[in-house]
1. For the stretch A:60-93, what are the residues that are part of a loop (DSSP other than H, G, I, E, B), over 18 Å from A:Asn21 (Cβ atoms) and of a type outside the set (Gly, Ala, Ser)?
2. Looking at the stretch A:73-103, which of the residues that are surrounded by fewer than 19 Cβ atoms within 10 Å (Cβ to Cβ) and away from chain B (no Cβ under 13 Å) is farthest from A:Ser47 (Cα to Cα)?
3. Which condition does A:Thr106 not pass, out of (1) in contact with a strand residue (DSSP E or B) (Cβ under 8 Å, 6 or more places away or on another chain); (2) buried (at least 16 other Cβ atoms within 10 Å of the Cβ), if it passes all the others?
4. Suppose we filter the stretch A:1-15 for residues that are touching an Asp or Glu at 6+ places or on another chain (Cβ under 9 Å), at pLDDT 95 or above and surrounded by fewer than 13 Cβ atoms within 10 Å (Cβ to Cβ); how many remain?
5. Hey, among B:Thr77, B:Thr113, which residue is touching a residue at least 60 places away in the same chain (Cβ under 8 Å) and polar (S, T, N, Q)?
6. With B:Ala97, B:Ala31, B:Ala92 as the choices, which residue is within 14 Å of chain A (Cβ to nearest Cβ), in contact with a Ser or Thr (Cβ under 7 Å, 6 or more places away or on another chain), surrounded by 15 or more Cβ atoms within 10 Å (Cβ to Cβ) and of a type outside the set (Ser, Thr, Tyr)?
7. Looking at B:Leu21, B:Leu43, can you tell me which residue is crowded, with 16+ Cβ neighbours inside 10 Å, more than 14 Å from chain A (Cβ to nearest Cβ) and either in contact with a strand residue (DSSP E or B) (Cβ under 8 Å, 6 or more places away or on another chain) or closer than 28 Å to A:Asn3 by Cα (or both)?
8. Going through the stretch A:13-53 one residue at a time, which ones are of a type in the set (Val, Ile, Thr) and under 11 Å from the mean Cα position of the chain (by Cα)?
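The values are calculated or read from the model by the stated rules, or taken from the named source; none is laboratory data. Everything numeric here is computed off the predicted structure, so don't read it as measured data. Cβ placement follows ideal geometry from the backbone for every residue including glycine, while neighbour counts extend to all protein chains displayed.
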Amino acid sequence: GQNIDQPTEMTATEGAIVQINCTYQTSGFNGLFWYQQHAGEAPTFLSYNVLDGLEEKGRFSSFLSRSKGYSYLLLKELQMKDSASYLCAVRDGDYKLSFGAGTTVTVRA
Amino acid sequence: TAGITQAPTSQILAAGRSMTLRCTQDMRHNAMYWYRQDLGLGLRLIHYSNTAGTTGKGEVPDGYSVSRANTDDFPLTLASAVPSQTSVYFCASSDSAGVNTDTQYFGPGTRLTVL
């Protein structure tokens, strides 16, 4: 089976930076996705990495190291609206997405 | 455009009853998926369809069935509901399931409680 690990909860202050780590062990690899999910809502797509390195998209960046089975999502200049759950998902060799349990980020004033 | 719609928004169902969760997308995506989301477990794939007329089993298919008669609709049926099927169900769609850059987009979810 697939194994995707990420921390359960993180707390940070408005304006700060938070890094959410994700480690994975999957049968094959065809890309890693990050989704944001506000409470009671659907997951929404944030970022995609398939090659090693950093992908930057505004205040959010995502990094991938395939050799280490490791990714992180970096949230900069935190805003209250960034309080949400962040889901790490890996596309395996069968092109199916396996999700981590999610990291709940709480932004405090 | 509406994207992906799901119905009902929420439902309370007696154990042993049957139920069909509806999912419709207007993006002409080829692939569609059903996930369930439970606290502490993340999203788990129930069934999927890479294209109209085909379906496949995901990680947790037991107790569920699907059909894909056309591109837009992908209903999920619980033939005889059990309390362990209490969950939030998300439908998703994507353009091309076998492409690395393919991205899944999610519907608003159905909250199902089986008593």
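1. A:Glu77, A:Gln79, A:Asp92
2. That would be A:Met80.
3. Only one criterion in (1) in contact with a strand residue (DSSP E or B) (Cβ under 8 Å, 6 or more places away or on another chain); (2) buried (at least 16 other Cβ atoms within 10 Å of the Cβ) is unmet by A:Thr106, namely (2).
4. 1
5. Of B:Thr77, B:Thr113, the one residue that is touching a residue at least 60 places away in the same chain (Cβ under 8 Å) and polar (S, T, N, Q) is B:Thr113.
6. Details: B:Ala97 fails: in contact with a Ser or Thr (Cβ under 7 Å, 6 or more places away or on another chain); B:Ala92 fails: in contact with a Ser or Thr (Cβ under 7 Å, 6 or more places away or on another chain).
When all the criteria are applied, what remains is B:Ala31.
7. Only one candidate passes the filter, namely B:Leu21.
8. Pass one, the stretch A:13-53, residues of a type in the set (Val, Ile, Thr): A:13, A:17-18, A:20, A:23, A:26, A:44, A:50.
Result: A:Ile20, A:Thr23.
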